[in-house]
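Could you have a look at this structure, given as structure tokens, before my questions?
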Amino acid sequence: MSRRNFLIKTVLTGAALSLPTGLDTLARAVAGTPPPASLVMATGPSAAAVTRAAIGGLGGISRFIAKGDVVVIKPNMSWDRVPEQAGNTNPEVVATVVALCLEAGAKSVTLFDRPVNDPRRCYVQSGIGPAAEKAGGRVEFMNDRRFKKMAIGGMVLKEWPIYRDVVEADKLINIPIAKHHSRARLSMSMKNWMGVLGGDRSTLHQRLDECLVDLAGFIRPTLTVLDAVRVLVANGPQGGDLADVKRLDTVIAGIDQVAIDALGATLFGLQGSDLGYVRLGHQRGLGNMRLDPLHIIKLSV
């Protein structure tokens, strides 16, 4: 199934489940089985184990990845920081997702980012490059010639250069880290798309919340895996001081970017409504920031 068809199927399935008379809901009610999880939050001392548990709680990687898929994974590799400083996505989380995709039969799994610091150092210092390659992934430096101006159709972003591989992949997986951000307040799934943009990204900070929602409306990942193994609670997004790092040993997995960021906000003592881009994403119908009606599974691994 192509990524486009997968997204269409996901939207239609979500719409059916939102109706009281949805056939799937009725079938599950008759069978006495619970509805599928909207989000899964797994916690435990092993980053690999909680990542597998979170994705497993959604139905397993085979729900998202099929044999022969060309998969693109977008981690956060923005900073020349080691994993203990929590400036980038945890390498064990990334490597585990790479391994799961290949276990499901993916033809290829490619990773990249457009870092703020020197990519040659970021890819190595973050630990993601070596870990992903060891797991069978292909880690690439972004090629300037593969950025293409695309029609975003957003409220602020009408068009912008986007890395072509993001939209051409069969399946797209977003693996951000949850951390403090000086402008956005928190950086999580929607903020992570800044790393696939060409051009002068600094100009987007003037209306950052709106731009993040515009991007989230254009880039719809197959799956999002939020890394909260270590979180940066202050002086983000770059960090550097280990005193700003808190170990939570948690991973959150789901499809709804707005809901994931809303649940991620609670890890910092906030609500989704405290974040401008989460409120806007909810208002525009990109997802649900209200967690009470969602089926959230919490696992201890």
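A short reminder: the numbers here are calculations on the coordinates, not readings from a lab. Keep in mind that this is a model prediction, so the values were computed, not measured. Heads up, the Cβs are rebuilt from the backbone with ideal geometry, glycines too, and the neighbour counts pull from every protein chain shown.
So if each residue of separation counts as 0.36 nm, and I subtract the Cα-Cα distance between Thr266 and Ser62, what length gain in nm does that give? Don't skip to the end; give the middle numbers.
Working: separation 204, 0.36 × 204 = 73.44 nm, distance 2.89 nm.
The Thr266-Ser62 span can extend by a further 70.5 nm.
Determine the percent antiparallel among the DSSP beta bridges restricted to the range 38-300, to the nearest 5.
50 percent
While we're on this one: Please list, in order, the residues from the range 261-293 whose amide nitrogen is less than 16 Å from a point placed 7 Å along the Cα→Cβ vector of Asp249.
What the label zone holds, given the 16 Å backbone N cut-off, is no residue at all.
Name the residues of the range 258-301 whose amide N is less than 14 Å from a point 7 angstrom out from the Cα of Met155 along the C-beta direction?
275-287
Order of 161-168, 266-273, 96-103 by packing, highest average Cβ count within 10 Å first?
Sorting 161-168, 266-273, 96-103 by mean packing, highest first, produces 96-103, 161-168, 266-273.
Which peptide among 198-205, 40-47 comes first, and what is the full order, when sorted by highest mean count of other Cβ atoms within 10 Å?
Averaged packing, sorted descending, gives the order 40-47, 198-205.
Here's another thing I want to ask about it. Stokes-Einstein at 37 °C, 0.692 mPa s, Kirkwood radius from Cα pairs: D for the range 159-259 in µm² s⁻¹?
Here the translational diffusion coefficient equals 228 µm²/s.
Give the lysines reachable from Lys246 as a straight Cα distance under 16 Å; neighbours fewer than 8 places away on the same chain don't count.
Cross-link targets: Lys179.
Any idea what log10 I(q)/I(0) is at q = 0.13 Å⁻¹ for the chain, Debye with uniform C-alpha scatterers and no solvent?
-0.86
If the reach is capped at under 20 angstrom between alpha carbons, list the lysines near Lys107, excluding any in the same chain fewer than eight residues apart.
Of all the lysines, those that pass the test against Lys107 - Cα under 20 Å, at least 8 places apart if same chain - are Lys67, Lys74, Lys134, Lys171.
Next question. Using only helices, what value at 222 nm comes out for the chain when you add -39,500 (n - 2.57) per DSSP H run of length 4 or more and divide by the total residues, to the nearest 500 deg cm²/dmol?
On the way: 10 runs with 96 residues, N = 301.
The helix-only estimate for the chain comes to -9000 deg cm²/dmol at 222 nm.
Quick check for you: which residues of the range 70-114 have the amide N under 13 Å from the point 7 Å beyond the Cα of Glu133 toward its beta carbon?
111
Along Cα→Cβ, 7 Å out, is where each label goes; now give me the distance between the ones at Glu84 and Ser46 in nm to one decimal.
Distance between the two pseudo-spin positions: 2.3 nm.
In addition: Sort 124-132, 83-91 by packing, meaning the average of other beta carbons within 10 Å per residue, with the highest value first.
Going from most to least packed, we get 83-91, 124-132.
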